[in-house]
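Novice: This is the structure I have questions about; it appears just below.
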Amino acid sequence: MRAAPLAFATSLLLAGCTSMPTGTASAPAPKFIGEPLAADVVSDLPRIARPLHYTIDIAPDAAKLTFTGTSSVDLEVYRPTDTLTLQALELDIASARLLGANGAGPGRALSVRLDPEKQTVVLGTGAPIAPGTYRITFAYSGKINTQANGLFALDYPDKRSGKTVRGLFTQFEAPDARRFAPLFDEPSYKATFDLSATVPADQLAVGNMPIASEQSLPGGLKKVTFRTTPKMSSYLLFFGSGGFERLSKQGPGGVELGIVSPIGSGEQARYALDALPQIIQYYTDYFGVPYPLPKLDNIAAPGESQFFGAMENWGAILTFEKDLLLDPKITSPRAQNYLYTAQAHEVAHQWFGDIVTMKWWNDLWLNEGFASWMETKATDHFNPDWYALLSRVDGREAAMGLDSYAATHPVVLPIHTAAEANDAFDSISYSKGEAVIAMLEAYAGEDVWRDGIRSYIKAHRYSNTSSDDLWSAVEQAGASGITGIAHDFTLQPGVPLVRAETRCDNGRTALSLTQSEFSRDRMDEAAAKPLRWHVPLTIETAGAPPLRQVLDGSAALTLPGCGAVVVNGGQLGYFRTLYTPAMIGQLVQALPTLAPIDQLGLVRDNYALAQAGYQDAKPALDLLAAVPGDANPVVATGAVDRWDDVYELATPADRARVAGLARELWLPRLSLLGFDPKPGESLVDTNLRAHLLATLGKMGEPGVLDEARRRFAGLAADPHSLDGPLKTTWLEIVARNASTAEWDALAAMAANAPTAVERQAYYGLLGRAVDKALAQRTLDFALTGKAGTTSAQMIGAVSEENADLAFDFALAHRATVESLLDSSGGKTAFIAGLGSASRDPAMVRKLEALLEAAPEAEKRPIRAKIASLRQKLASNPRMARQAAAWLDRR
């Protein structure tokens, strides 16, 4: 699963499938295995049976938002029992029967007892049955949701007629396949699936596998049957149907590749489709295992979720339309980047997550962290002018932003029930996971690391693993000692702090390093009783090759020369470095000559150290001001964003001074770039322009504000005059400073938008208004439901500038707001997040009250938000004073 973009806001070792030629897959016949679920695998189910094969046949009624289904499960029972338990949720099971192996015999009726709280169905056999292989059949019905849980519907404007139409999709992670059929709905219960569905004859149906047959039925219907899947976890099953079209081509090894999208999308799907063959070939070469299915579709769903952007269903990736289709009228550079990286992320899962799957949700990071790392690797390989490796600094900071609080959790998060799994979909699993993997790859060496990954994939194909299986494979490939380092960074939480001091002696540098722990909310405790890590370092100094060292407590090293020293060279280490003032002075002088990733990393690292109170703001601001005006576009974008942070925390009296300095440093770069993209310019330059416009516009730059209003006014004469990659940038500047008339014009644009993507974008912009009256209008409108799945995003957008208003509104209308949210993430945590940008200490008390009443499974992210807000309320005034003193000195 890929985290939502730009958001306000992944055992039992069953017998492997027979190796198949590239582009093909077949299911093994049900096989009696006769061994219990491994003792180290968590399960919500009794350990007495497991599935071998499912057959599911559904008939959705999209208009009534209901469906009926029949299903069977071939299973092995390995202990005498008079009850069998599966998982089921929001299903009305009319009947269940127990048959012999492969459906033999007349069978017997089973009693059915549903437990909504445990999300199970308990089947009574009447008399004990002996160990062996059986088949259970079900007849049942269920509901079609309007949020992305289970089988769900999305309404959207038809791109040809403008009329509202409805498409159906599934989202089963985690854990919602039980809303689709009674299942053993846990990762380690892998099985093969046969799926069929009755749909309107004029619609396209999509599943994990190619269509095996279509049968015409009366009433304008047809029955579509898909080929049997390989052995896989239930959360990877997919079904979709609607007025779709498919743009396709043949990929490596004859695999059929397609982008499935609403009819009328046309060439908007071309960019994503053209990227698929190269990504698949890259992963095939890297993993040493061909993509095993005969087809891979990426399905564009015309909606959005508050919690995720895409899902790695095997052979049938689901991605929300705005994150998959490239519309030259509105796709921003940031959205285009996400489009590529999200698809690279989900395709990586086809190996790391689908072929090999974690045993239980506590190792979710093994899916998500690895796919995040691989997406960056692939994006950098095919788009070198995007400088994708630099994005790892932002990822590291996102992780450390959570990992430095007491409310954090280890990468390998203890998950006791499937209901707690959603707690693991956060920046620790994704971004810390990626950062730790990048650090471990550097420690092992690229070749050794890849050899270990290849051995791991081949050894565990079609089965389940834990993190230690990966470390063992890499260690056996030659990375001695990697397991201990990996355990330090995945089994305990937190961020190492490396304190560095230097002394120049006879033309050589004596470097002293001491390890401690970085914390934002328990600095004294972390200093007195720090956690301990073995920290891989890459120490760089001018004119010398990097020095690699694993820090265990403390170290004294001698380096050539007496120049600037970067302790975390290449920013590959997951730790913070606290330099002495003298070392910072050298780094400030050397910053223009350092590698772009070190420029970016040093600024972010020192800014975070200042926020936490480990040092004054001066080192961070000195480094920030030293970023050269002609810096790498990604570094420049990061610098502009940091000036935005400084502007936000400054007092009203000092904001003009911050804005003046930001203009002095960065307006020349905007002048060089111009207001409009140039033919053939790189995506990162287009993105830098967007950030410059947005930040300088927020700071009141007259030229930017006037140009935004001029362009917005021009829409009356030519509705397409703003079309292009900067459309949402200009509109956001207007929305932020909107008058009532401008807000009304934006609302009209949203209501009349010809596509779901445009409608979502324009409705989301309404919430950007700073004006409280307009913010209130946005909140009121969100509750009408007219914005569809964007309604929750509108409330989140309001919270960025009017946090207290949004939070209080959500509490006052809590039932309605929660009905707008899917259950892929905590609903209470979403409401808590609305208060994150508050500047009022009273918000802490409001969040504490929310925490007190929250379900236990949702408390951890709320605690993290409380800790973050407390720290921000304490640090921002201090940072503002220190920034003012720094400005005085300039």
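The values are calculated or read from the model by the stated rules, or taken from the named source; none is laboratory data. The structure displayed is predicted, hence computed values, not measured ones. Ideal geometry is used to build each Cβ from the backbone, glycine not excepted, and the neighbour counts take in all protein chains shown. Heavy atoms of the whole protein, side chains included, go into the accessibility calculation; ligands, DNA and RNA do not. Shrake-Rupley method; radii C 1.70, N 1.55, O 1.52, S 1.80 Å.
Novice: What spacing in nm lies between the two simple spin-label points modelled at A812 and A38, each 7 Å away from Cα in the Cβ direction?
Specialist: Roughly 5.4 nm, to one decimal.
Novice: How large is Rg/Rh for segment 588-723, to two decimals, with Cα atoms and a Kirkwood Rh?
Specialist: Details: Rg = 16.4 Å, Rh = 16.0 Å.
Reported Rg/Rh (Cα atoms, Kirkwood Rh): 1.02.
Novice: Evaluate the charge dipole of segment 311-356 about its Cα centre and quote only its size in Debye, nearest 20, assuming +1 on the Cβ of each Lys and Arg and -1 on the Cβ of each Asp and Glu. Can you show the working numbers first?
Specialist: Numbers: 3 positive and 6 negative charges, 45 e Å.
My answer is approximately 220 debye.
Novice: Here is a further query. Work from the charge dipole of the chain (Cβ charges, +1 for Lys and Arg, -1 for Asp and Glu, about the Cα centre) and give the residue of F172, P60, S554 farthest towards its positive end.
Specialist: Positive-end residue among those listed: P60.
Novice: In addition: Quick one: which of 571-583, 427-439 comes out on top by average Cβ neighbours within 10 Å, and what's the full order, highest first? Write down the numbers at each step before the final one.
Specialist: Details: 571-583: 21.2, 427-439: 26.6.
By packing density, highest mean first, the sequence is 427-439, 571-583.
Novice: For segment 814-885, which trypsin sites (Lys or Arg not before Pro) are in a loop by DSSP, counting at most 14 other Cβ atoms within 10 Å? Show your work: numbers first, answer last.
Specialist: Details: sites: R814, K827, R839, R845, K846, K859, R863, K865, R870, K872, R878, R881; in loops: R839.
Filter output for segment 814-885: R839.
Novice: Right, something else. Return the long-range amide H neighbours of V495 (sequence gap of 5 or more, or a different chain), with a cut-off of under 5 Å between placed amide H atoms.
Specialist: F518
Novice: Using the Cα centre of segment 450-566 as the reference point, and only Cβ charges (+1 on K/R, -1 on D/E), how large is the resulting charge dipole? Debye, rounded to the nearest 20.
Specialist: Values: 12 positive and 13 negative charges, 58 e Å.
Using only the charged Cβ atoms, the result is roughly 280 debye.
Novice: Just want the answer: with Cβ charges of +1 for Lys and Arg and -1 for Asp and Glu, which residue in G788, L811, L834 is farthest toward the dipole's positive end in segment 785-834?
Specialist: Among G788, L811, L834, the one farthest towards the positive end of the dipole of segment 785-834 is G788.
Novice: Of the peptides 487-497, 213-223, how do they stack up when ordered by the mean number of other Cβ atoms within 10 Å, highest first? Write down the numbers at each step before the final one.
Specialist: Working: 487-497: 20.5, 213-223: 11.5.
Taking the mean over residues of other Cβ atoms within 10 Å, the ranking is 487-497, 213-223.
Novice: Among the lysines, select those whose C-alpha is under 19 Å from the C-alpha of K143, and discard any that sit fewer than 8 residues away in the same chain.
Specialist: The reachable lysines, counting only those whose Cα sits under 19 Å from K143, are K64, K118.
Novice: With a 1.4 Å probe and all protein chains kept in place, how much accessible area does F244 have, in Å² rounded to the nearest 10?
Specialist: My reading of the accessible area for F244 is about 20 Å².
Novice: Which peptide among 516-524, 344-352, 588-596 comes first, and what is the full order, when sorted by highest mean count of other Cβ atoms within 10 Å? Write out the running numbers ahead of the final one.
Specialist: Working: 516-524: 19.8, 344-352: 26.1, 588-596: 16.6.
Sorting 516-524, 344-352, 588-596 by mean packing, highest first, produces 344-352, 516-524, 588-596.
Novice: Which of L99, P619, Y338 sits farthest toward the positive end of the charge dipole of the chain, with +1 on the Cβ of Lys and Arg and -1 on the Cβ of Asp and Glu?
Specialist: Of the listed residues, the answer is L99.
Novice: Apply 1/(1 + (r/R0)^6) to the Cβ-Cβ distance of A885 and D202, taking R0 = 51 Å, and write down the FRET efficiency to the nearest 0.05. Walk me through the numbers on the way to the answer.
Specialist: Working: r = 69 Å, r/R0 = 1.36.
For A885 and D202, the calculated efficiency is 0.15.
Novice: On a full-extension model of 0.36 nm per residue, what is the gain between K329 and E664, subtracting their alpha-carbon distance, rounded to one decimal in nm?
Specialist: The span from K329 to E664 would gain 117.4 nm if fully extended.
Novice: On to the next question. Which percent of the accessible area of the chain is formed by carbon and sulfur heavy atoms (probe 1.4 angstrom)?
Specialist: Values: 16400 of 31170 Å².
Here it works out to 53 percent.
Novice: Using the beta-carbon distance between E501 and L531 and R0 = 25 Å, what value does 1/(1 + (r/R0)^6) give for FRET efficiency, to the nearest 0.05? Write down the numbers at each step before the final one.
Specialist: Working: r = 22 Å, r/R0 = 0.87.
The value I calculate is 0.70.
Novice: Size of the dipole of the chain about the Cα centre, Lys and Arg at +1 and Asp and Glu at -1 on the beta carbon, nothing else charged, in debye to 20?
Specialist: With Lys and Arg at +1 and Asp and Glu at -1, about 580 debye.
Novice: Which FRET efficiency value, to the nearest 0.05, is calculated for S721 and L217 with the Förster distance at 56 angstrom and r the Cβ-Cβ distance?
Specialist: Values: r = 49 Å, r/R0 = 0.88.
It comes out at approximately 0.70.
Novice: Please report the relative contact order for segment 422-500, taking Cα pairs under 8 Å with a sequence separation of at least 6, and give it as a percent rounded to a whole number.
Specialist: Details: 43 pairs, mean separation 23.9, N = 79.
Averaging sequence separation for qualifying contacts and normalising by length gives 30 percent for segment 422-500.
Novice: Find how much the distance from A751 to E848 grows on full extension, using 0.36 nm per residue of separation minus their present alpha carbon separation; answer in nm with one decimal. Provide the component values of the computation, followed by the final result.
Specialist: Values: separation 97, 0.36 × 97 = 34.92 nm, distance 3.80 nm.
Residue separation times 0.36 nm, minus the Cα-Cα distance, leaves 31.1 nm.
Novice: I need the shape label for segment 509-658. Rule: rounded when a/c is under 1.5, else prolate if a/b > b/c, else oblate, with a, b, c from the alpha carbon gyration tensor.
Specialist: Numbers: a/c = 2.12, a/b = 1.26, b/c = 1.68.
Because a/c hits 1.5 or more and a/b fails to exceed b/c, segment 509-658 counts as oblate.
Novice: Could you do me a favour and compute the accessible area per residue for the chain, 1.4 Å probe, result in Å²? Intermediate results must be reported in sequence, preceding the final value.
Specialist: Values: 31170 Å² over 890 residues.
Dividing the accessible area of the chain by its residue count gives 35 Å².
Novice: Quick one: which of K159/K249; K618/K846; K159/K786; K249/K329; K322/K786; K322/K772 span more than 27 angstrom between C-alpha atoms?
Specialist: On the way: K159/K249 23 Å; K618/K846 34 Å; K159/K786 18 Å; K249/K329 25 Å; K322/K786 18 Å; K322/K772 29 Å.
Over 27 Å Cα-Cα: K618/K846; K322/K772.
Novice: Considering only protein heavy atoms, with the full assembly of protein chains and a 1.4 angstrom probe, order V757, V199 by accessible area, largest first.
Specialist: If we order V757, V199 from most to least accessible, we get V757, V199.
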